[in-house]
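Enquirer: Got a structure for you, questions after.
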Amino acid sequence: VAEKTSEPVSELLAKWRAGDKESFRRLVPLVYHELHRLAHYHVRRERADHTLQTTALVDEAYLCLMKQEPTDFENRAHFFAVCAKLMREILVQYARRRNAAKRGGGYKLTLDGSVVLPESRNLDLIALDDALQELARLDPQQSRIVELRFFGGLSIEEASQVLSISPATVKRYWTTARVWLHDQISRAERHDP
Amino acid sequence: MTPEEWQQVREVVADALELKPEDRPAFLDRACSADHSLRRDVERLLSTSDEVRFSFLQSSAFRVGLTP
């Protein structure tokens with residue numbers, strides 16, 4: 001819900017970049033609203049077409065929101081981190097709603113299969129979200145890396161800057177997090193404790 | 001699993017993944033020594049196929065679609 005429509009996202013971003021911390025607090029609901037609008041648009045369009053389409057929600061949102069370059073990296077990194085978190089929330093919320101709507105056949109939220117291997121074709125976002133919460137208990141930083149990389153689309157280098165840890169460590173944590181998540185989700189599917 | 005146990009498992013898995021598959025058993029013998037529970041957890045994670053390891057979560061979430 002946009003609370004202050006008189007102040008567009010670009011204006012708040014500019015103020016935030018200039019050091020006004022308060023504008024960031026006002027920015028988050030607007031970003032959330034914008035991401036939601038884009039997600040809704042894409043999900044609806046795909047459903048109407050009955051086709052698998054690659055969507056670029058975050059890309060598009062970033063483009064909309066970050067038109068004015070350059071921005072200083074700290075703000076930009078923080079902004080990406082917020083977007084990644086919001087994107088996770090929105091996509092999982094959509095997946096839950098879909099599941100509730102269909103129960104017993106119909107749609108399943110899946111990853112686009114255009115380039116990916118069979119294993120990653122049918123990813124249950126709700127199961128991933130649950131597993132990520134468990135990973136956050138074991139290591140919050142690894143969970144954040146997955147959020148930034150998978151939901152935020154950040155590269156290893158960008159994630160390393162956001163988290164102030166070396167790219168080598170990000171890579172190490174990212175790989176082991178993915179292996180662990182895959183194992184966790186597969187076992188949950190088999191109801192294997 | 002506790003955070004401390006995971007940290008231990010993670011480090012052994014990460015190191016093992018940097019080795020050639022044929023060099024892993026000897027490494028695990030050293031890294032896990034008599035800790036059978038550690039070895040079991042590590043081996044389970046290492047048994048994840050290369051295909052999964054290279055592809056899982058590698059295309060980001062915004063490539064999301066709906067299929068009937």
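The values are calculated or read from the model by the stated rules, or taken from the named source; none is laboratory data. Note that the structure is a prediction, hence the values are computed from the model and not measured. Methodologically, a virtual Cβ is constructed for each residue, glycine included, from the backbone with ideal geometry; neighbour enumeration extends over all protein chains shown.
Enquirer: Search the stretch A:150-166 for residues being in contact with a helix residue (DSSP H, G or I) (Cβ under 6 Å, 6 or more places away or on another chain) and within 18 Å of A:ARG88 (Cα to Cα), and hand back the single one that is modelled with the highest pLDDT.
Expert: A:ALA159
Enquirer: Among the residues of the stretch A:149-182, how many are of a type in the set (A, V, I, L, M), assigned to a helix (DSSP H, G or I) and within 21 Å of B:TRP6 (Cα to Cα)?
Expert: 6
Enquirer: Condition first: assigned to a helix (DSSP H, G or I) and either touching a residue at least 24 places away in the same chain (Cβ under 8 Å) or within 15 Å of the chain's Cα centre (by Cα) (or both). Now tell me which residues in the stretch A:121-137 satisfy that.
Expert: Across the stretch A:121-137, the qualifying residues are A:LEU125, A:ILE126, A:ALA127, A:LEU128, A:ASP129, A:ASP130, A:ALA131, A:LEU132, A:GLN133, A:GLU134, A:LEU135.
Enquirer: Can we say A:ILE185 is within 11 Å of chain B (Cβ to nearest Cβ), part of a helix (DSSP H, G or I) and in contact (Cβ under 8 Å) with a residue 60 or more places away in the chain?
Expert: Here the answer is yes, as A:ILE185 does meet what is asked.
Enquirer: In addition: Kindly check whether there is at least one residue in the stretch A:132-140 that is loosely packed, with under 15 Cβ neighbours inside 10 Å and away from chain B (no Cβ under 11 Å).
Expert: Yes, there is a match, as at least one residue in the stretch A:132-140 is loosely packed, with under 15 Cβ neighbours inside 10 Å and away from chain B (no Cβ under 11 Å).
Enquirer: Got a number for residues in the stretch B:1-20 being more than 8 Å from chain A (Cβ to nearest Cβ), farther than 18 Å from B:ASP50 by Cα and aliphatic (A, V, I, L, M)?
Expert: 1
Enquirer: I'm trying to understand the selection: among the residues of the stretch B:8-56, which are polar (S, T, N, Q) and either exposed (fewer than 13 other Cβ atoms within 10 Å of the Cβ) or closer than 17 Å to A:ILE185 by Cα (or both)?
Expert: Hits for the stretch B:8-56 are B:SER33, B:SER37, B:SER47, B:THR48, B:SER49, B:SER55.
Enquirer: Sticking with this structure for a sec: Being at pLDDT 95 or above and hydroxyl-bearing (Ser, Thr, Tyr) is the requirement here; does B:SER37 meet it?
Expert: Here the answer is yes, as B:SER37 does meet what is asked.
Enquirer: For the stretch B:36-58, enumerate the residues that are within 8 Å of the chain's Cα centre (by Cα), more than 10 Å from chain A (Cβ to nearest Cβ) and of a type outside the set (D, E, K, R).
Expert: B:VAL42
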